[in-house]
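Visitor: Next up is a structure, given as structure tokens.
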Amino acid sequence: AQTVTQSQPEMSVQEAETVTLSCTYDTSESDYYLFWYKQPPSRQMILVIRQEAYKQQNATENRFSVNFQKAAKSFSLKISDSQLGDAAMYFCAYRSANYRDDKIIFGKGTRLHILP
Amino acid sequence: NAGVTQTPKFQVLKTGQSMTLQCAQDMNHNSMYWYRQDPGMGLRLIYYSASEGTTDKGEVPNGYNVSRLNKREFSLRLESAAPSQTSVYFCASLRQEGFLRATNEKLFFGSGTQLSVL
């Protein structure tokens, strides 16, 4: 069974600085998708960024980028120029690319605090 | 578009009572999911459904049943509620594009149901 581990329950970063959130996963599959979702206090879930395992290039979305290390099964999220609106819970998620398996599992999350 | 609609938003039950959480999506998505969120535990998958008429167990299915009667609706039932089922419940549906390979995948979530079992 696949697992997703986020080892940092909470992190803090100064506004305008850069922060990296860690995520590791365990799978025996070679093809899969990885995601980062953000949950602000409103409880709404927002997709931040996605990565397809077969793509070697790291995904980027404006100030958000990932460091995808397939061999190490690591998928960290880097937030540059942190803003107050980035304060939220961040969840890492995994889905197999096997078309027969639509299961999506999440890590326990990292609560990110932005210090003004 | 309404997206994913969950009802009710809040519910208080007594131990042993039953209830059904309703979820509907209007985006024509095939796959739908039920998660529970507890402090320090993240989002845990209860059940999911890849298509109408099919359901599969997730990480924490015990004490729950689901029903996917049509493409739009995916309900979660607690037959005999227990205090351990106090949680926030989220329904979600998965947008997938592409034919041979899913692209542009994204989960759309409902606003959640805060359930307390006394």
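Values in this text are rule-based calculations from the coordinates and carry no lab data. What you see is a predicted model; the values in this text were computed from it and never measured. Neighbour counts run over all protein chains shown; Cβ positions are idealised from the backbone, glycine included.
Visitor: Got a sec? Charge dipole of chain A, +1 on Cβ for Lys and Arg, -1 for Asp and Glu; which of A:S7, A:Y90, A:S28 is way out at the positive end?
Guide: The residue sitting most towards the positive pole is A:S28.
Visitor: Non-local amide H neighbours of A:E15 (under 5 Å, H modeled in plane, Pro and chain starts lacking H): which ones?
Guide: Those qualifying (amide H under 5 Å, at least 5 residues apart or on another chain) are A:L115.
Visitor: Would you mind giving the average projected area, over all directions, of the Cα convex hull of the stretch A:10-116 in nm² with one decimal? Let's see the in-between values first.
Guide: Numbers: hull surface 26.9 nm².
About 6.7 nm², averaged over all directions.
Visitor: Also, I was wondering about something else. Determine the sum of side-chain charges near B:S31: Lys and Arg each +1, Asp and Glu each -1, restricted to other residues whose C-beta is under 14 angstrom from that of B:S31.
Guide: Around B:S31, the surrounding residues sum to +1.
Visitor: A follow-up question, please. In vacuum, with every alpha carbon of the protein assembly as shown counted as one equal point scatterer, what does the Debye formula give for log10 I(q)/I(0) at q = 0.09, 0.14, 0.15 Å⁻¹? Two decimals, please.
Guide: Results for the protein assembly as shown at q = 0.09, 0.14, 0.15 Å⁻¹ read -0.37, -0.90, -1.03.
Visitor: Would you please state the base-10 log of I(q)/I(0) at q = 0.11, 0.12, 0.18, 0.22 1/Å for the stretch B:4-118, with intensities from the Debye formula using one equal scatterer on every alpha carbon?
Guide: -0.34, -0.40, -0.86, -1.24
Visitor: Can you work out the Karplus-derived ³J(HN,Hα) for every residue in the stretch A:51-62? Use 6.51 cos²θ - 1.76 cosθ + 1.60 with θ = phi - 60°, whole Hz, and x for glycine or proline.
Guide: 9, 9, 4, 6, 8, 6, 6, 6, 6, 9, 9, 6
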